[in-house]
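> Input: one structure, supplied below.
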Amino acid sequence: MTSAAFCGEWFVFTCDKKLVAIHSKETREPFVFDCSTAEKKPKNIKDDDNSSQGGATEETGSDKVLAFAVSPSGNLVALTDDTKRLALFHCEPSWRFINITWVVRRCTSLVFSQAEDELLVADKSGDVYSFSVVEPHREGKLKMGHLSMLLAVTISPDNKYIITADRDEKIRVSHFRSPYVIQSFCLGHQQFVSALHIPSGHPHWLLSGSGDGTVKLWEYESGRRLQSWDLRQFGETPNCEADKEKNPTVCRIISSPDGRHVAVQCERMSTVQFFTLCKEGKETLVPHSRLSLPHCPLDMTFDLEGQLWVVMDSNDAPLQVYTLRQSTWQCDTQNPDLNRVIEAFMPHWESLEASTRKNNRFEHLYKVGFDNVAEYKQKKQQRLEEQQLKRTMAQKANGNKKTKREASETPTKPSV
């Protein structure tokens, strides 16, 4: 999985088994963490009778990074991989590895609390675990759970609510300190909810994206939906011919540091849809423009200056920067920060196989609908016709018997 984010002035990206951090303003040595060479977890065998070998084995997995998160201050970074590691790093003034702990199940999303003393981890079974940042060696505690797979988790800016999204189209708003107390549900998506984002400067609003191809704006504390936009009306369709009939799958929603601009990315589409956020007027989420990219984006992030950095599925130009100029997002090829980052970025990028870069996390999550009403009506009509045929044949048979009986009962006239 390829992901990107800014941690202060550090451009951080993950791809396959590595996390790489590159300073965008100064020429400094990049920080690289390779999960394949990290600490292994011994897995104890509880029932020796069921195992042909005694002792312990190592936790199996491909070491691919599944998710990572940056703390609100930009001082901490956490990542998790499919070997169930949870690694914690300190970023400023220099990068330093802190600790590895272990999660119960493979994770889908991470988020730091606003106080940066807790790290919440959402997993595929629908549970959210809390890990201490202050005491990183402690095991995680179960915080809350859903009945289906969790795909995204975030925390309100006032640290009051945990907001979780699952495969069953639900967004739940729970109290942070008492997660069993549910504040509200944000309901309205028709497919799995794949992205959540609280825009900068708008602490009471929530943006959500889904496999149904819509972006919705919520007042999450009350669960009230403010707006909904169907991305298909902007011409958003998958690049692959086989996927033309499918809805666009929203995989990323981000906002600029000033909270004025929102960028929406969809899987398998070489475009980015921009919106603007307005506090005044009826329409608060207003479509701004649509940016066409030379290749499919794998991830994107805003830097501290409001420039959009896009990682694309390309060997030649995998990283580009876009700047808003005269109400248009334009590619800034002469950006000195980009050239500095590209120089350190390319050696790691070129060493990867193309298949490891692609992000198709949500393809298998679509619920298949079965329209059995037509089939039911067809079978019912067939059954009725068969019953009618049986009745008709029975009536004919009864009529023939009656005719024969009447004929046999008719007296014959004596001959003269």
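> What's the local net charge at Asn75, with K and R +1, D and E -1, over the other residues with C-beta under 10 Å away?
Its environment carries a net charge of -2.
> Tilt of helix 373-409 relative to the longest C-alpha principal axis of the chain, in degrees (0 to 90, nearest 10)?
Between helix and principal axis, roughly 10 degrees.
> Anything over 29 Å Cα to Cα? Flag those among Lys40/Lys124; Lys40/Lys143; Lys17/Lys124; Lys170/Lys380, in the order listed. Before the final figure, lay out each step's value.
Numbers: Lys40/Lys124 22 Å; Lys40/Lys143 26 Å; Lys17/Lys124 20 Å; Lys170/Lys380 36 Å.
Table pairs above 29 Å Cα-Cα are Lys170/Lys380.
> At what distance in angstrom do the alpha carbon centres of segment 327-347 and segment 162-206 lie from each other?
The distance from the Cα centre of segment 327-347 to that of segment 162-206 comes to 35 Å.
> Per residue, how many Å² of accessible area does the chain show with a 1.4 Å probe?
51 Å²
> May I pose another question? Write down the Å³ per residue value for the convex hull defined by the alpha carbon atoms of the chain. Kindly include the intermediate steps, with their values, before the conclusion.
Values: hull volume 116.8 nm³, N = 416.
About 281 Å³ per residue, rounded to a whole number.
> For segment 271-401, place one equal point scatterer on every Cα, skip the solvent, and apply the Debye formula. What is log10 of I(q)/I(0) at q = 0.09, 0.22 Å⁻¹?
Result of the Debye calculation: -0.52, -1.31.
> Then there is this: Quick one: plug the Kirkwood hydrodynamic radius of segment 128-277 (C-alpha pairs) into Stokes-Einstein at 4 °C, 1.567 mPa s, and report D in µm²/s.
Answer, rounded: 80 µm²/s.
> Another question, then. Once you list every other residue whose beta carbon is under 15 Å from the beta carbon of Glu9, what net charge do they have if Lys and Arg are +1 and Asp and Glu are -1?
-3
> I've got another one for you. Would you grab the residues whose amide H sits under 5 Å from the one on Ala195? Only those 5+ places off in sequence or on another chain, please, with H modelled 1.01 Å from N.
HN-HN under 5 Å from Ala195: Gly209.
> Separate question: What is segment 118-198's relative contact order, in percent, from Cα pairs under 8 angstrom and six or more apart in sequence?
After rounding, I find 22 percent.
> Separate question: Run the dipole for the chain about the Cα centre, Lys and Arg Cβ at +1, Asp and Glu Cβ at -1, nothing else charged, and hand back the magnitude in debye, nearest 20.
Its charge dipole is roughly 2880 debye.
> Give the relative contact order (percent, whole number) for the chain; include only Cα pairs under 8 Å separated by 6+ residues.
It comes to 9 percent, rounded to a whole number.
> Turning to a different aspect of this structure: Name the residue from Gln320, Thr333, Cys278 whose Cα lies farthest towards the positive end of the charge dipole of segment 275-343, charges +1 on Cβ of Lys and Arg and -1 on Cβ of Asp and Glu.
Highest projection toward the positive end goes to Cys278.
> Compute the relative contact order of segment 248-386 as a whole-number percentage, counting only Cα pairs closer than 8 Å that sit 6 or more residues apart in sequence.
Dividing the mean separation by the residue count of segment 248-386 yields 14 percent.
> Would you mind checking the tilt of helix 336-350 against the longest principal axis of the Cα atoms of the chain, expressed as 0 to 90 degrees and rounded to 10?
60 degrees
> Order these peptides, 323-329, 83-89, 339-345, 169-175, by their mean beta-carbon neighbour count within 10 angstrom, highest first.
The most tightly packed comes first, giving 83-89, 169-175, 339-345, 323-329.
> Return the carbon/sulfur percentage of the accessible area of the chain, one whole number, probe 1.4 Å, all protein chains in place.
48 percent
> Still on this model: Tell me what the chain gives for mean residue ellipticity at 222 nm when only DSSP H runs of n ≥ 4 count, each as -39,500 (n - 2.57), the sum divided by the residue total, rounded to 500 deg cm²/dmol.
Result for the chain, helices only: -4500 deg cm²/dmol.
> Just to be sure I understand the model, the point goes 7 Å from the Cα along the line to the Cβ. What's the resulting Asn315 to Arg224 distance in nm?
5.5 nm
> Could you tell me the calculated FRET efficiency between Lys25 and Phe97, based on Cβ-Cβ distance and R0 = 22 angstrom, to the nearest 0.05?
0.45
> Here is a further query. Mind jotting down the three principal axis lengths of segment 129-184 based on Cα atoms? Whole angstrom, largest first.
Computed over the Cα atoms, the extents are 35, 24, 18 Å.
> Can I ask one more? May I ask you to order 102-110, 380-388 by the average number of other C-beta atoms within 10 Å around their residues, highest value first?
The most tightly packed comes first, giving 102-110, 380-388.
> Output the Kirkwood hydrodynamic radius of segment 281-343, Cα pairs only, in Å rounded to one decimal.
Hydrodynamic radius (Kirkwood, Cα only) of segment 281-343 equals 13.0 Å.
> Grab the beta carbon distance between Thr392 and Tyr366, set R0 = 60 Å, and tell me the FRET efficiency rounded to 0.05.
That gives a FRET efficiency of 0.80.
The values are calculated or read from the model by the stated rules, or taken from the named source; none is laboratory data. This is a predicted model, so every value here is computed, not measured. Glycine gets a Cβ as well: all are built from the backbone with ideal geometry, and neighbour counts include every protein chain shown. Surface accessibility is based on the protein's heavy atoms, side chains included, excluding ligands, DNA and RNA. Shrake-Rupley method; radii C 1.70, N 1.55, O 1.52, S 1.80 Å.
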